[in-house]
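The values are calculated or read from the model by the stated rules, or taken from the named source; none is laboratory data. These numbers were taken from a predicted model, which means no experiment stands behind them. Note that each Cβ is placed from the backbone with ideal geometry, even for glycine, and that neighbours are counted across all protein chains shown. We work out accessible area using only protein heavy atoms, side chains counted, and drop any ligands, DNA or RNA first. Shrake-Rupley method; radii C 1.70, N 1.55, O 1.52, S 1.80 Å.
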Amino acid sequence: MSVGLEHYLAVSGILFCLGVLGVILRRNLLNLYMSLEVMLNAANLALVAFARYNGDLNGQVLVFFVITVAAAEVAVGLALIVALYRKCRTTWVDDLATMKH
Amino acid sequence: METLPWLLLVLPLLAVGGITWCGWRRQRPAVVARLAVGSALGTLLVAWWAWRQGIDARGEIVWLQAGGFTVSVGWLLDGLSRPMTLVVAGVAALVQVYSLGYMRGDAWWGRYFAGLCLFTLAMLGIVLAPNLLQAYFCWELVGLSSYLLIGHWHERVTAADAAKKAFLTNRVGDLGLLAGVLLVWQSLGTLDLARIREILAANPEALGSTATVAGVLIFLGAVGKSAQFPLHVWLPDAMEGPTPVSALIHAATMVAAGVYLLCRWFVLLAAPGSAALEIVAWTGLFTALMAAVVACRQDDLKRVLAWSTISQLGYMMLAVGLAGDGRGPVAAMYHLSTHAAFKALLFLGAGAVIHALHHQEQNIWKLGALARRMPVTFACFGLATLALCGVPPLSGAYSKDAILALAHEEHRTGMYLLALVGSALTAFYMVRVATVTFLGPAKSQAVDCAPEAPGVMRWPMLLLAVPTVLGGLWGIDEAYGRVFGVAGEGGGSVWARFVGPWVHAPGVALAALAATLLGGGAAWLWYRKAVSDPLDESLGALGGWCREAFRLDALYEGVLVRAHDLAGSACAAADRWVLAGFLIRGLHGLVASAGRLVRRVQTGNVQIHALFFVAGVVLWLWLMLAWE
């Protein structure tokens with residue numbers, strides 16, 4: 001059995017769903033954040049797989065961009081979490097319900 | 001020449017403004033008096049000049065223009081409006097002078113005179129109106145100023161109520177007039193008097209099927225203002241106003257406006273195929289009789305005169321109604337003019353009595369024996385009484401004879417006989433009120449020290465006595481006859497006018513005189529020595545019924561006012577339960593509960609938001625894919 005495009009896509013889909021589940025179910029903000037990264041990387045995997053399948057490098061180039069931007073985003077996000085922790089002394093999502101109506 | 005008649009409208013207007021801004025606000029009675037009397041005398045002077053010169057012209061300014069429709073205000077002087085202007089200006093000027101004495105020391109001196117000037121302005125506006133629209137809004141202005149003047153002593157509840165009643169009752173009639181004006185405009189396309197006359201002369205059927213309706217609607221306006229049945233109820237209550245105001249309302253303005261309007265716009269009523277005149281005649285006759293019966297049972301000096309006004313206006317309406325067949329309402333205008341003089345005189349006389357008794361007593365059964373104490377007032381009041389009764393050669397005899405002769409010549413025997421009965425009743429109640437008030441024994445202490453009226457009140461009465469006595473010999477009817485294109489009766493000399501009725505229709509004149517003597521004689525016999533009304537016992541319940549004017553007020557109170565109250569509560573309930581309760585609160589509740597429901601979603605938990613977001617994306621994707 002050879003590994004084809006569909007396998008890559010399946011793995012990508014499973015990774016994405018795991019990420020979504022993590023975002024929805026985990027209570028710690030840092031875990032939430034890691035789950036977000038998993039979702040991004042699932043998308044990256046799909047892009048790489050499509051690039052390979054098409055035989056050009058467009059998808060791979062895009063992945064580099066995504067990784068770069070994600071690094072910047074992680075920096076901003078972590079800074080926000082740190083600032084939030086300093087203000088509220090918690091990283092638990094349940095305690096951060098100030099958006100309630 | 002072309003600009004001078006404008007003064008007729010401008011002078012009273014300036015007086016109203018001047019009094020309001022200079023005299024009333026700053027409490028300067030002398031300024032007020034000068035402005036009011038000055039403008040009244042100026043108006044009278046211009047009216048006199050216009051009458052002497054026989055000015056036959058019109059002046060107009062465009063007030064507003066909308067498309068092809070122009071509204072203009074101005075004046076139109078011709079054979080009909082010239083003498084009427086003179087009557088209005090004359091009575092108004094005398095009343096203004098008289099008021100200087102009667103209203104001395106009144107707390108609202110300025111407002112009173114401003115009201116009188118506004119009243120004069122409004123009435124002159126109707127008299128001089130070159131188009132129906134000006135007549136209409138001056139008509140409303142008359143209603144407003146009568147409201148202000150009747151309610152002058154507004155701290156008295158009865159006066160405030162009477163003013164409100166007069167205003168509201170008149171509104172009913174005004175609504176009819178407005179509808180009539182609009183109907184005429186719709187069917188003829190113009191409201192200008194000259195244009196309407198042209199159109200109707202070229203094509204008498206121009207009003208078509210609306211002729212009767214238009215005529216009756218315009219008459220409805222006159223029913224309100226001229227206090228005809230069934231809208232007469234405001235007039236007796238209007239006696240709550242100061243007596244000079246009553247004189248003005250009952251003689252030259254307001255009630256005269258209705259009759260004048262019908263005479264002025266007679267072409268609209270007399271259109272062929274219109275039954276309007278018939279309705280006018282019967283309404284007038286019925287009112288004349290009913291009011292005469294009620295007047296016989298009144299004990300208040302002013303109320304007798306009020307009911308007598310209603311009755312005489314009924315006669316005028318009868319004369320208008322009988323004036324078809326190309327006759328023109330000559331008799332109505334004749335009676336209107338003479339009545340203006342002697343009814344104003346009667347009210348000024350009554351005012352002198354009330355003033356002499358310090359505004360305390362108006363019940364004729366508390367008066368008596370005033371003739372010796374107030375000889376001038378008695379003489380004037382007596383002359384006016386005789387004129388109203390129709391004793392020749394006083395003015396009232398000639399004008400009333402003209403109406404009776406008209407009914408006779410038209411072969412309306414029923415109307416003629418009923419009018420004769422009314423004439424006898426007129427003599428009865430007038431002799432009754434004059435004898436009980438001025439002759440007979442004194443019936444209370446109050447009359448013992450009653451002084452004669454002061455000069456400022458005496459002279460207007462003496463001046464009014466002149467037309468009261470001589471009005472029948474001046475050829476007023478011939479002048480009006482020329483206006484309406486019928487040959488004047490009598491040869492033009494004073495002697496010919498003096499014997500006119502006896503030559504023209506001796507039977508009618510004799511019958512009228514007999515009716516007057518019968519009614520007056522009966523009253524003289526019964527009331528000469530009476531200290532209380534001898535008819536009270538003999539008439540019993542019927543007398544009480546007449547005294548209360550057939551309980552029409554109670555009927556209106558019971559039916560109309562209650563219906564109005566019911567409608568009011570129904571509207572209030574609809575507002576409270578349907579509008580405010582169901583619609584507004586219901587809508588509010590719906591939105592609020594929906595909001596409360598949706599708010600549940602907003603827990604503030606990031607993950608719930610994320611869940612909804614994911615669910616939304618999934619749903620959207622699924623829809624997109626399913627669409628493919």
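Computed over every Cα-Cα pair of the protein assembly as shown and binned at 20 Å starting from 0, the pair-distance distribution P(r) comes out as 15, 38, 15, 6, 12, 11, 2, 0 percent. With a Förster radius of 56 Å applied to the C-beta separation of A:LEU57 and B:VAL591, the computed FRET efficiency comes to 0.50. When only alpha carbons of the range A:5-97 are considered, Rg and Dmax amount to 15.8, 50 Å. The local environment of B:TRP526, defined by Cβ-Cβ distances under 10 Å, has a net charge of +2 under the rule Lys, Arg +1 and Asp, Glu -1. Taking label points 7 Å from Cα along the Cα-to-Cβ direction, B:VAL531 and A:PHE65 give a separation of 12.3 nm. For chain B, the share of accessible area belonging to carbon and sulfur comes to 69 percent (1.4 Å probe, ligands and nucleic acids excluded). For chain A, a simple Cβ point-charge model (Lys and Arg +1, Asp and Glu -1, everything else neutral) yields a dipole of about 460 debye relative to the Cα centre.
Each of A:THR91, A:VAL48, A:SER12 was placed along the dipole of the range A:5-97 (beta-carbon charges, centred on the mean Cα), and the one lying farthest toward the positive end is A:THR91.
Among B:TRP502, B:TRP622, B:TRP75, B:TRP108, the sequence by solvent-accessible area, most first, with a 1.4 Å probe is B:TRP622, B:TRP502, B:TRP108, B:TRP75. Residues in the range A:42-63 near a label at A:SER2, defined as backbone nitrogen under 13 Å from the 7 Å Cα→Cβ point? It comes to A:53, nothing else.
With a cut-off of 8 Å between alpha carbons and a minimum separation of six or more residues, what is the relative contact order of chain B in percent? Value for chain B: 11 percent.
Taking 31 Å as the cut-off for C-alpha to C-alpha distance, list the pairs among B:LYS343/B:LYS366; B:LYS164/B:LYS529; B:LYS400/B:LYS443 that go past it. The answer is B:LYS164/B:LYS529; B:LYS400/B:LYS443. Here the label points at B:TRP627 and B:ILE608, each 7 Å from Cα along the C-beta direction, are separated by 3.0 nm in the simple model. If you take all other residues with their beta carbon under 12 Å from the beta carbon of B:GLN607, and give Lys and Arg +1 and Asp and Glu -1, the sum is +1. Note on chain B: Rg/Rh from Cα positions, Kirkwood definition for Rh, rounded to two decimals, is 1.14. Taking 0.36 nm per residue of separation and subtracting the current Cα-Cα distance, fully stretching the chain between B:LEU64 and B:THR190 would add 43.9 nm.
Overall form of the range B:283-353: oblate. Here a/c, set by the Cα gyration tensor axes a ≥ b ≥ c, is 1.5 or more, and a/b is not larger than b/c. In this calculation the C-beta distance from B:LEU510 to B:GLN53 is compared with R0 = 41 Å, giving a FRET efficiency of 0.50.
Looking at B:THR287, A:VAL3, B:HIS408, which one has the Cα that reaches farthest to the positive end of the dipole of the protein assembly as shown (charges on Cβ: Lys, Arg +1; Asp, Glu -1)? Farthest towards the positive pole: A:VAL3. Per residue, the protein assembly as shown exposes 46 Å² of solvent-accessible protein surface, assessed with a 1.4 angstrom probe and all protein chains in place.
Among the GluC sites (Glu not before Pro) within the range B:115-201, those in coil by DSSP and having at most 15 neighbouring Cβ atoms inside 10 Å are B:GLU155. For A:ARG27 and A:VAL48, compute 0.36 nm times the residue count separating them, minus their Cα-Cα distance, and round to one decimal in nm. Extra length from A:ARG27 to A:VAL48 when fully extended: 4.4 nm. Extension gain for B:VAL466-B:ALA572 works out to 32.4 nm (0.36 nm per residue, less the C-alpha to C-alpha distance). Of the residues B:LEU305, B:LEU555, the one with the largest accessible area comes first in the ranking B:LEU555, B:LEU305, computed with a 1.4 Å probe on protein heavy atoms. Within 10 Å of the Cβ of each residue in B:601-609, the mean number of Cβ atoms contributed by other protein chains is 5.
Derived scalar couplings between HN and Hα for the range B:453-466 equal 5, x, x, 5, 9, 6, 5, x, 5, 5, 5, 5, 5, 5 Hz in order, rounded to whole Hz, by the Karplus curve 6.51 cos²θ - 1.76 cosθ + 1.60 (θ = phi - 60°), x for Gly and Pro. Note on chain B: dipole from Cβ charges, positive end direction compared against B:GLN228, B:GLY18, B:ALA238; the farthest Cα belongs to B:GLY18. In order along the range B:244-257, phi translates into HN-Hα couplings of x, 5, 4, 4, 5, 4, 7, 9, 9, 10, 6, 5, 5, 4 Hz, rounded to whole numbers, per the Karplus curve 6.51 cos²θ - 1.76 cosθ + 1.60 with θ = phi - 60° and x for Gly and Pro.
The label point for B:ARG372 and the one for B:ARG197, both projected 7 Å from the Cα toward the Cβ, are 5.8 nm apart.
The trypsin sites (Lys or Arg not before Pro) found in the range B:112-167 that occupy coil by DSSP, while having at most 13 further C-beta atoms within 10 Å, are B:ARG156. Computed from the C-beta positions of B:GLN360 and B:GLU452, the FRET efficiency with R₀ = 22 Å rounds to 0.80.
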